[in-house]
Amino acid sequence: MIIDRVEVETINSFSKSELLKEVYGLIWILPILTLLLGITIEVLVIVWLEREISASIQQRIGPEYAGPLGLLQAIADGTKLLFKEDILPSRGDIPLFSIGPSIAVISILLSFLVIPLGYRFVLADLSIGVFLWIAISSIAPIGLLMAGYSSNNKYSFLGGLRAAAQSISYEIPLTFCVLAISLLSNSSSTVDIVEAQSKYGFFGWNLWRQPIGFLVFLISSLAECERLPFDLPEAEEELVAGYQTEYSGIKYGLFYLVSYLNLLVSSLFVTILYLGGWNFSIPYISFFEFFQMNKMVGILEMTMGIFITLTKAYLFLFISITIRWTLPRMRMDQLLNLGWKFLLPISLGNLLLTTSSQLVSL
C-alpha cells in the first residue's frame with residue numbers, strides 16, 4: 001500500500017493539533033489546581049491562627065508540639081479524621097447523609113470563581129459576580145438541612161432547621177448591602193467594584209461611603225459563617241453538636257472545612273466590596289517602566305495585588321476570631337430578632353438612601 005506524501009503531512013498535522021488541544025486543556029486546569037492548593041493552605045493557616053489567637057486571649061499555650069510552633073497541628077488533625085471510621089446511622093437516609101457535606105463544600109468552593117485576588121487574577125469575571133456568590137452561598141444551608149434530616153436524630157434535625165432559619169434571616173440584609181455597593185459602582189462584577197474604588201486610593205474605599213452598610217455586612221457575614229456569637233446551629237451545650245452530631249471521620253472533617261472556607265470567602269468579599277480589594281500604589285514601578293520592563297511590572301502588580309488582598313482579608317479574620325473568643329453566645333430568639341427587626345430595616349434604609357443619592361447625582 002502506497003501512502004501519498006500529502007496524506008502523511010495531513011496526518012502529522014492532525015496529530016499535532018490534537019496534541020496541542022490536550023496540552024491547552026491541561027494548561028486550563030493548572031489555575032484551578034493552583035487555586036485549590038492555595039485554598040487548602042489558607043484554611044490550614046486560618047486554623048493555626050485561630051488556635052494561636054484564642055490561646056493568647058485565654059492566656060494559655062496553644063498548639064506547639066506538632067511541627068515548629070504547632071504549624072503541623074491542623075495537618076495532623078486532618079490526617080486523623082481521614083483515617084477514622086466512617087459511621088453511618090442504621091435508620092438514617094444514607095444517600096442524603098453522604099450528599100449533605102458534599103453540597104456544603106462544593107457550593108462554597110464555587111464562590112472562589114468570582115473572587116479577584118489581584119489585577120486580572122480571577123477565574124470568571126461575570127457581570128453578576130456578587131449576586132452569584134449570594135445565590136451560591138444560599139445553597140450551603142440546604143446541605144446542612146439535608147445532613148440534619150438524613151441523620152434520623154432530633155438534635156441534628158433541629159440544628160439543620162436552625163441553620164436554615166439563620167441563613168434566611170441574615171441573607172436578606174446581606175443582599176441589600178451588596179445591592180447598595182452595586183449601585184455605587186454601577187456594576188455587579190467583582191472586578192468592576194474593585195476598580196471603581198481605585199480612583200481616589202485609600203479614600204475611595206466603599207467603607208467611607210457605606211459605613212452603615214459595612215457594619216451590617218460584617219455582622220451578617222459572621223452570622224452566615226455561624227461564628228460566635230451566632231453559632232446556634234452547632235452550639236455544643238444545647239444541641240450536642242447540631243446537624244453534624246451523627247457524622248464522623250472525613251464527613252465530619254468536611255463540615256469542619258466548610259466553616260473555615262465560609263469564613264475565608266466572607267473575609268475576601270469584605271475586602272472586595274468595602275476595602276478596595278487589591279488597590280495599592282508602588283512608587284518604584286517607574287524603575288521598571290524606565291528600562292521598558294513591562295512584563296516585570298505586570299508580574300509585580302499581580303504579586304503585590306494578591307499580597308494586599310490577603311492582608312486586608314486577614315484583618316477581617318483577626319476581628320472575627322477575636323469576637324469569637326470575646327462575646328457570649330446569643331439565644332435563638334435574640335439572633336432572629338437581630339436579623340429581622342434590626343439589621344433588615346437598617347439595610348433597607350441604607351439601600352434607599354444610596355438609591356436616592358445616586359438619583360440626585362444624575
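The values are calculated or read from the model by the stated rules, or taken from the named source; none is laboratory data. Bear in mind the structure is a predicted one, so any value in this text is a computation, not a measurement. FYI the Cβ positions are ideal-geometry reconstructions off the backbone, even for glycines, and counts take in every protein chain you see. Just the protein is used for accessible areas: all its heavy atoms, side chains included, with ligands, DNA and RNA removed. Shrake-Rupley method; radii C 1.70, N 1.55, O 1.52, S 1.80 Å.
Can you find even one residue in the stretch 80-103 that is under 25 Å from LYS312 (Cα atoms) and either in the same structural domain as ALA241 (by the TED database) or modelled with pLDDT of 85 or more (or both)? Can you show your working first?
Taking the stretch 80-103 and keeping what is under 25 Å from LYS312 (Cα atoms), we get none.
Within the stretch 80-103, none of the residues are under 25 Å from LYS312 (Cα atoms) and either in the same structural domain as ALA241 (by the TED database) or modelled with pLDDT of 85 or more (or both).
Does the stretch 193-206 hold any residues that are crowded, with 17+ Cβ neighbours inside 10 Å and either in contact with a strand residue (DSSP E or B) (Cβ under 9 Å, 6 or more places away or on another chain) or of a type outside the set (S, T, N, Q) (or both), and which are they? Hits for the stretch 193-206 are ILE193, VAL194, GLU195, ALA196, TRP205.
Is it the case, given these coordinates, that LEU69 is touching a residue at least 60 places away in the same chain (Cβ under 8 Å) and either assigned to a helix (DSSP H, G or I) or in contact with a helix residue (DSSP H, G or I) (Cβ under 7 Å, 6 or more places away or on another chain) (or both)? First the steps, then the outcome.
On the way: touching a residue at least 60 places away in the same chain (Cβ under 8 Å): no; either assigned to a helix (DSSP H, G or I) or in contact with a helix residue (DSSP H, G or I) (Cβ under 7 Å, 6 or more places away or on another chain) (or both): yes.
When the stated conditions are applied, LEU69 does not pass them.
Is it fair to say ILE319 is within 22 Å of the chain's Cα centre (by Cα) and open to solvent by 40 Å² or more (accessible area, probe 1.4 Å)?
Spelling it out, ILE319 is indeed within 22 Å of the chain's Cα centre (by Cα) and open to solvent by 40 Å² or more (accessible area, probe 1.4 Å).
The condition of being in a helix (DSSP H, G or I) and more than 24 Å from ASP77 (Cα to Cα) holds for only one of VAL265, VAL216, that being VAL216. Within the set LEU71, LEU110, the sole residue that is outside the structural domain of TYR314 (by the TED database) and closer than 23 Å to PHE316 by Cα turns out to be LEU71.
Yes/no per residue for (1) at pLDDT below 90; (2) open to solvent by 40 Å² or more (accessible area, probe 1.4 Å):
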position: LEU273; (1), (2): no, no
position: TYR284; (1), (2): yes, yes
position: VAL297; (1), (2): yes, no
position: PRO328; (1), (2): yes, yes
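Could you list, in sequence order, all residues of the stretch 118-131 that are open to solvent by 30 Å² or more (accessible area, probe 1.4 Å), assigned to a loop (DSSP other than H, G, I, E, B) and of a type outside the set (S, T, N, Q)?
Residues of the stretch 118-131 open to solvent by 30 Å² or more (accessible area, probe 1.4 Å): 119-123, 125-128, 131.
Still in the running and assigned to a loop (DSSP other than H, G, I, E, B): 119-120, 122-123, 125-128.
Once the filter is applied, which keeps residues that are open to solvent by 30 Å² or more (accessible area, probe 1.4 Å), assigned to a loop (DSSP other than H, G, I, E, B) and of a type outside the set (S, T, N, Q), the stretch 118-131 yields TYR119, ARG120, VAL122, LEU123, ASP125, LEU126, ILE128.
Residues that are exposed (fewer than 14 other Cβ atoms within 10 Å of the Cβ), of a type outside the set (A, V, I, L, M) and free of Cβ contacts under 8 Å to residues at least 60 places away in the same chain within the stretch 84-101 comprise SER90, PRO95, listed in sequence order. For the stretch 152-168, indicate whether the set of residues that are open to solvent by less than 10 Å² (accessible area, probe 1.4 Å), more than 24 Å from LEU33 (Cα to Cα) and not in a helix (DSSP H, G or I) is non-empty. For the stretch 152-168, residues open to solvent by less than 10 Å² (accessible area, probe 1.4 Å), more than 24 Å from LEU33 (Cα to Cα) and not in a helix (DSSP H, G or I): absent.
Okay, residues lined up against (1) more than 25 Å from LEU300 (Cα to Cα); (2) of a type in the set (Gly, Ala, Ser); (3) in a helix (DSSP H, G or I):
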| site | (1), (2), (3) |
| --- | --- |
| TRP48 | yes, no, yes |
| ASP77 | yes, no, yes |
| PRO89 | yes, no, no |
| SER98 | yes, yes, yes |
| ALA104 | yes, yes, yes |
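Selection over the stretch 247-265 of residues that are closer than 19 Å to PHE157 by Cβ, hydrophobic (A, V, I, L, M, F, W, C) and surrounded by 23 or more Cβ atoms within 10 Å (Cβ to Cβ) gives a count of 1. Here VAL45 meets the list (1) in contact with a helix residue (DSSP H, G or I) (Cβ under 7 Å, 6 or more places away or on another chain); (2) under 30 Å from VAL122 (Cβ atoms) almost entirely, failing just condition (1).
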